[in-house]
Amino acid sequence: MSIHEVLERVSPNMHIAEGYLPPVHAAAWSVAAAPFVVHGVRALSREVKANPESTLLLGASGAFTFVLSALKLPSVTGSCSHPTGTGLGAILFRPPIMAVLGTITLLFQALLLAHGGLTTLGANVFSMAIVGPWAGFGVYWLLRRFDVPLMVSVFAGAFVADLSTYCVTSVQLALAFPDPGSGVVGALAKFGGIFALTQIPLAVSEGLLTVLVMRLLMQSSKGDLARLGVLSAKKEAVAR
Amino acid sequence: MSRNARINTLLLLVVVALAVLPLALGLGDHKEEPFTGADGQAETAITESHPDYEPWFSPLYEPPSGEIESALFSLQAALGAGVLAYYFGLRRGRRQGEARALAGSPAADAPADGPADAPAGAEAGSPRTSA
């Protein structure tokens, strides 16, 4: 079997399977992820204490991640993969809180679905619940700075959150399983190339669904969005 | 259909199209097993490119069959969808309740903002009536 075939078979798996990172890698990623999750738990309890009414929207953001990461969708490469749904929560509540909500989703999948795993939880949390939300939020924040329309920024943020998660997964796999011939760089190029191609249409879908939910929130929860800084009073007046 | 609803429907249709087109165009035809989720394949792939690698931990619980696994995946999606629906339903009900309360009360203490700003109006409403 050629390396390309091998990689093609690896590509649709979003989360790294149980036991499939060497112990040192698994430990290192867990150590790297832990402070973000601890910080996230603090941020979450602070948010709930300061704004008890945001509990509902927090639940809805977690629910969005639950739905999207259960949707295995077909993609152009002829394999299936699933979105992450972390962009929405990162935009609404900032990335630290998403580290917690993403970890809960990953735990559910690791414990009940044998999708992902406990030993690889650290690595998967790092890609889906930390890097994804931060990258997505960063793009969203930057675009908003330059007065890009809200929905365009939301789309871009969700798109990047989804895609960057897969990029990190490729890096993690390439580091753990370098190509016998071309090493880590070779493995990364191949992993990354195939991952990106599979995931781009799904990242578009995720962006569109996030925009859809944000539009519904604009209708139903203007107060929350203004308090969270997604809608500023002035910009809202201009948009209306 | 309002313009808002039309845009939302369009967004959903594009997502559906993105999911259906790869199937309709037969983009998986070159594969032995098209459109697999491939968690299991990923495992074999790594063991094939690195034959000496032994997975050193196995899942505590593994769904005994593909059917059970998809049942659990549906459960995950259903839980999420349920919470989302609860959220939006609750919000809609609250807005309607507030609009009705505003319409029912004498015009004097009803703010002129109208139902679109009902949540903000309601939050600002209590200090206003007490003042």
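If I filter segment A:39-49 for residues that are facing chain B (nearest Cβ under 7 Å), touching a residue at least 40 places away in the same chain (Cβ under 8 Å) and within 27 Å of A:LEU150 (Cα to Cα), do I get at least one hit? The answer is no, given that none of the residues of segment A:39-49 is facing chain B (nearest Cβ under 7 Å), touching a residue at least 40 places away in the same chain (Cβ under 8 Å) and within 27 Å of A:LEU150 (Cα to Cα). Is it the case that segment A:23-30 has a residue that's in contact with a Phe, Trp or Tyr (Cβ under 9 Å, 6 or more places away or on another chain) and at positive phi? No. Checked across segment A:109-131, the condition of being buried (at least 21 other Cβ atoms within 10 Å of the Cβ) and closer than 30 Å to B:ALA5 by Cα holds for no residue.
For B:LEU72, state whether it is open to solvent by 80 Å² or more (accessible area, probe 1.4 Å) and assigned to a helix (DSSP H, G or I). For B:LEU72, the condition - open to solvent by 80 Å² or more (accessible area, probe 1.4 Å) and assigned to a helix (DSSP H, G or I) - is not met. Would you confirm whether or not segment A:35-56 contains a residue that is over 30 Å from B:GLU32 (Cβ atoms) and not in a helix (DSSP H, G or I)? Within segment A:35-56 (the criterion being over 30 Å from B:GLU32 (Cβ atoms) and not in a helix (DSSP H, G or I)), the answer is yes, since at least one residue qualifies.
Here is the figure for segment A:132-156: residues that are under 10 Å from the mean Cα position of the chain (by Cα) and either open to solvent by less than 40 Å² (accessible area, probe 1.4 Å) or within 14 Å of chain B (Cβ to nearest Cβ) (or both) total 4. None of A:VAL152, A:VAL125 is of a type in the set (Val, Ile, Thr) and farther than 19 Å from A:VAL168 by Cβ except A:VAL152. Of the residues in segment B:77-90, not one is facing chain A (nearest Cβ under 7 Å) and modelled with pLDDT under 65.
The values are calculated or read from the model by the stated rules, or taken from the named source; none is laboratory data. In this text the structure is predicted, and so the values were computed from the model without any measurement. Positions of Cβ are backbone-derived with ideal geometry, glycine not excepted, and every protein chain shown enters the neighbour counts. What goes into the accessible areas is simple: the full protein's heavy atoms, side chains included, and nothing from ligands, DNA or RNA. Shrake-Rupley method; radii C 1.70, N 1.55, O 1.52, S 1.80 Å.
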